[in-house]
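So the structure is just underneath, and the comments pick up after that.
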Amino acid sequence: MTDQTPASTPGQTPEPTDQPEHPTLAAIKAKFAGRGLKVAVYRGQTNLVCPAELLHDLLQMLRDDEGYDFLSDVFAIDYLGHPDAEARFGVVYNLVNTAQTLRLFVKAHLDPTLDTTGTEEDPALTLPTVTDLWPGAEWNEREVFDMFGIRFEGHPDLRRILTWESFPAHPLRKDYPLTGRGEREDYRVLTRDSA
């Protein structure tokens, strides 16, 4: 596991290195040593970057062995155009150990292999579902799928949640035009008299 403490972004001063290490990191290092995990601390929050193929095993260990009983959020980030990006997309899991009041962010990076902004399935944009670990992840994963096109293998009901089923793309990708691709022009304008 590579320790990148402290993390900073360009133009920001790194945090002091005298912060105590996150209490869960020792167990993670013991179980996943040499497996490509990276750690960064930014503004007191510990972020763990995990290879996609280890993600489910790591999250299961955090839930079963380390007491992370609450998955607060699952969201995605599109790093298109970011100069320091390791990959195009990042999927982030916000985990909470409610007994010890600990929070840990786990991130997996994904790079598309298809040059498309449509609804075609890109096999590289797939992660295992965590609905078997935290059933509440079902809607969060559906939102990530709908907005970014990242699929979750094994999800019990992976379909769009915010747009209609035949929507032509994934609107939170940074290459999606702000004015849309024609879907706004198809709406019938309702006036007070016609409503």
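The values are calculated or read from the model by the stated rules, or taken from the named source; none is laboratory data. Predicted model, so just to flag it, every value in this text is computed and none were measured. With ideal geometry, Cβ positions are generated from the backbone for all residues, glycine too; neighbour counts draw on all protein chains shown.
Residue-wise test of (1) surrounded by 14 or more Cβ atoms within 10 Å (Cβ to Cβ); (2) of a type outside the set (F, W, Y); (3) over 29 Å from P171 (Cα atoms).
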| residue | (1), (2), (3) |
| --- | --- |
| K38 | yes, yes, yes |
| D64 | no, yes, yes |
| F75 | yes, no, no |
| L114 | no, yes, no |
*Which residues, counting only those in region 99-110, are surrounded by 14 or more Cβ atoms within 10 Å (Cβ to Cβ) and more than 15 Å from Q60 (Cα to Cα)?*
L102, R103, H109, L110
*Look through region 142-195, keep the residues that are at pLDDT below 85 and hydrophobic (A, V, I, L, M, F, W, C), and return whichever of them is farthest from F89 (Cα to Cα).*
A195
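So which residues in region 38-80 are of a type in the set (S, T, Y), in a loop (DSSP other than H, G, I, E, B) and closer than 19 Å to E141 by Cβ, if there are any at all?
Within region 38-80, just Y68 meets the criteria.
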*asked:* Go through region 128-142 and report how many residues are in contact (Cβ under 8 Å) with a residue 24 or more places away in the chain and in a helix (DSSP H, G or I).
replied: 3
*Residues located in region 123-161, provided they are crowded, with 19+ Cβ neighbours inside 10 Å, aliphatic (A, V, I, L, M) and more than 16 Å from D69 (Cα to Cα)*: L125, L127, V144, M147, I150
